[in-house]
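> For reference, the structure I am asking about is given below.
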Amino acid sequence: MTDDATDRPRLTSKGARTRARIVEAAAALIHERGVARTTLDDVKVAAEVSGSQMYHYFPDKSDLVQSVIEYQAESIVNRNTHALSRPNGVETWRKMVTTAARRTRARGGCQLGSLGSQLAESDPEARALIAAGFEQWAAAISDGLRSLAEDGKLLHDIDPDDLATTLLATLQGGLLLGQVQRSGRPVEIAVDTLLALVVGR
C-alpha cells in the first residue's frame, strides 16, 4: 500500500512517529553542524534508532535532507501563521522573531536560510524545496499583513505581498549579521526600523 502523493509506503502510527523523530533529530544536528558535517550515523544515534530503521525510512542522505527542508519550512510557516493570526499579529510576530534571535544570539542563522546557503548551488532539488519554503513563508506573512492594509495601517499604499517579501529579506539579512556577530541586535534593528517606516500606529 502506498501514498499516491509520494509513492512511499504508508506508515503505521508507530512508523510515522519513528520517521518524525529521525527528521527532528536530523534537523537539529544539521542546524548545529551543517549538512556536510552531519552523517546518517550521527542522526541514527541522536534519534535512538537502529541502522535498519534509519535506512528503511531514508535510504540515502539526500532523502533525509529533503525531509529536513520540508520539516523546517512547515515548522516556520506554522509558527509565523500562529503569531500573525493573533490580535496585534504583526507586533506578536515582531516579538517572536526578535526574542528568538536575542535568546540564541542568532547562532546557526535561519533554519531555512542556512540550508539555502549550503545547498542552493550544488543540489537543484534541495534548492527548489527551499525556494518553495520561502514562498510559503512569505505568503504566511502577507496574509498577516493584509488585515493591516484593510484597516489603512500600511503607509504609502504598500502591497502586502511586496512588504512580506521585504520583511523576509530584512529578517534574513539581520539573522546573517547576528550570526557572525553573535547578537540578536541586528534582527531587532532591521525589523523594528522597517516596521516603523511602513506601519502606522
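> Which whole number in µm²/s is D for the chain by Stokes-Einstein, with the Kirkwood Rh taken over Cα pairs at 25 °C and 0.890 mPa s?
135
> Next question, about the same structure. Amide H to amide H, which residues 5 or more places from Val199 or on other chains are under 5 Å from it, using H placed in the peptide plane?
Leu155
> Continuing with the same structure: Roughly how many nanometres apart are two label points built 7 Å out from the Cα toward the Cβ at Ser183 and Asp161?
Spacing of the two 7 Å Cα→Cβ label points: 3.7 nm.
> Looking at region 21-72, which trypsin sites (Lys or Arg not before Pro) are DSSP coil and have at most 11 other C-beta atoms within 10 Å of their C-beta?
Counting only loop positions with at most 11 other Cβ atoms within 10 Å, the trypsin sites (Lys or Arg not before Pro) in region 21-72 are Arg37.
> Asp42 label point, 7 Å along Cα→Cβ, cut-off 18 Å on backbone N: hits in region 103-121?
107-120
> Can you figure out the FRET efficiency of Thr92 with Tyr55, using R₀ = 45 Å and their beta-carbon distance, to the nearest 0.05?
Approximately 0.60, to the nearest 0.05.
> What are the ³J(HN,Hα) couplings of region 41-49, residue after residue, when phi is run through the Karplus curve with 6.51, -1.76, 1.60 and θ = phi - 60°? Round to Hz, x for glycine and proline.
In residue order, the calculated couplings are 5, 4, 5, 4, 5, 5, 7, 6, 10 Hz.
> Let a ≥ b ≥ c be the square roots of the eigenvalues of the Cα gyration tensor of region 84-201; is it rounded (a/c under 1.5), or, if not, prolate (a/b larger than b/c) or oblate?
Here region 84-201 falls in the oblate category.
> Further question on the same structure: What is region 38-153 by shape, rounded, prolate or oblate, if you read a ≥ b ≥ c off the alpha carbon gyration tensor as root eigenvalues and call it rounded for a/c under 1.5, prolate for a/b larger than b/c, and oblate otherwise?
Prolate shape, in that a/c is at least 1.5 and a/b is the bigger ratio.
> How would you rank 179-186, 111-118, highest first, on the average number of other Cβ atoms within 10 Å across their residues?
111-118, 179-186
> Next up: With only alpha-carbon atoms in the gyration tensor, what are the semi-axes of the equivalent ellipsoid for region 125-178, in Å, largest first?
After diagonalising the Cα gyration tensor, the semi-axes are 24, 14, 7 Å.
> Label points 7 Å out from Cα along the Cβ direction at Glu125 and Thr12: separation in nm?
2.8
> Based on the Cβ-Cβ distance from Asn78 to Arg105, what FRET efficiency comes out when R0 is 25 Å, to the nearest 0.05?
Plugging the Cβ-Cβ distance into 1/(1 + (r/R0)^6) gives 0.55.
None of the figures in this text is laboratory data; all of them are computed from the coordinates on show. All of these numbers come straight from a predicted model, not from anything done at the bench. Cβ: placed from backbone, ideal geometry, glycine included. Neighbour counts: every protein chain shown.
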